[in-house]
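Undergrad: First the structure, then my questions, so here it is.
The values are calculated or read from the model by the stated rules, or taken from the named source; none is laboratory data. Predicted model only: the values in this text are computed from it and were never measured. Neighbour counts run over all protein chains shown; Cβ positions are idealised from the backbone, glycine included. What goes into the accessible areas is simple: the full protein's heavy atoms, side chains included, and nothing from ligands, DNA or RNA. Shrake-Rupley method; radii C 1.70, N 1.55, O 1.52, S 1.80 Å.
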Amino acid sequence: MMTTKETWRFTGTHMFLVMLLFFGTIISVNVIMAVAATGSWSGLVVKNSYVASQQFNAKLEDMKRQQKLGWTVAVTASETKVAVALNDAGGKPVAAKLSVAMTRPNTDHDDHVLTLALAPSGRYEAETKLGAGAWDATVTAVDGKTESFVTTKRLYIEPARIAGGEAGR
């Protein structure tokens, strides 16, 4: 008895499945990327760019005035505390009312404002709860003479170490 060996043929069904897998993969990746993009930072810096442009010269003058003051700001932070050292041009501490707006660079979910108090160390400190990762600390200082100073520093909070390894592994 003789058996015939049937050869494999590429049919219309095979082509349909190839096209379905090809375009299904592309569409799936596009949907995933669109969901990730809409769930993260909107890219909005100011609500009204025209109004912000009208205030540009005033902000420029404020920055020049701040630069003439010669104040320096050093910000340190951990997951539980934010500390700020504010010194004048001569390196002496400046007595001022300080607040710090702690914001994430790419979202507004964890944003909060801290009012700092002068600690025995000579620095201004406040207790807080910060998660690991990047933070922007916008320090606003107002002394008793109507001088004000605003600066933003980028901070990175290291993840807390957990017994048996590091967090985030």
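Undergrad: Being open to solvent by less than 30 Å² (accessible area, probe 1.4 Å), more than 15 Å from residue 74 (Cα to Cα) and of a type in the set (Val, Ile, Thr) is true for just one of 128, 107, 115. Which residue is that?
TA: None of the other options fit; the residue is 128.
Undergrad: Residues to consider are 38, 25, 7; find the one that is exposed (fewer than 10 other Cβ atoms within 10 Å of the Cβ), over 25 Å from the mean Cα position of the chain (by Cα) and over 19 Å from residue 136 (Cα atoms). Spell out the reasoning first.
TA: Numbers: 38 fails: over 25 Å from the mean Cα position of the chain (by Cα); 25 fails: exposed (fewer than 10 other Cβ atoms within 10 Å of the Cβ).
After applying the criteria, what remains is 7.
Undergrad: For region 1-83, which fully contained helices (runs of 4 or more DSSP H) count at least 2 residues that are among the β-branched types (Val, Ile, Thr)?
TA: Values: elements: 12-38, 49-54, 56-69.
Fully inside region 1-83 and qualifying: 12-38.
Undergrad: Return the only residue of 75, 35, 18 being among the β-branched types (Val, Ile, Thr) and in contact with a strand residue (DSSP E or B) (Cβ under 9 Å, 6 or more places away or on another chain).
TA: Matching residue, one of 75, 35, 18: 75.
Undergrad: Next question. Can you name the residue in region 41-67 that is of a type in the set (Val, Ile, Thr) and loosely packed, with under 10 Cβ neighbours inside 10 Å and is also nearest to residue 94 (Cα to Cα) among such residues?
TA: If we filter region 41-67 for residues that are of a type in the set (Val, Ile, Thr), which is where we start, we get 45-46, 51.
Next, only the ones that are loosely packed, with under 10 Cβ neighbours inside 10 Å stay: 45, 51.
Details: 45: 31, 51: 33 Å.
Among those that are of a type in the set (Val, Ile, Thr) and loosely packed, with under 10 Cβ neighbours inside 10 Å, it is 45.
Undergrad: Does any residue in region 31-49 that is free of Cβ contacts under 8 Å to residues at least 40 places away in the same chain come within less than 8 Å, Cβ to Cβ, of a residue that is assigned to a helix (DSSP H, G or I) six or more places away or on a different chain, and which pairs are these?
TA: These pairs meet every condition: 46/52.
Undergrad: Only one of (1) over 30 Å from residue 44 (Cβ atoms); (2) open to solvent by less than 30 Å² (accessible area, probe 1.4 Å); (3) modelled with pLDDT under 90; (4) in contact with a Leu (Cβ under 9 Å, 6 or more places away or on another chain) is not met by residue 98, so which one is it?
TA: Here residue 98 clears every test but (1).
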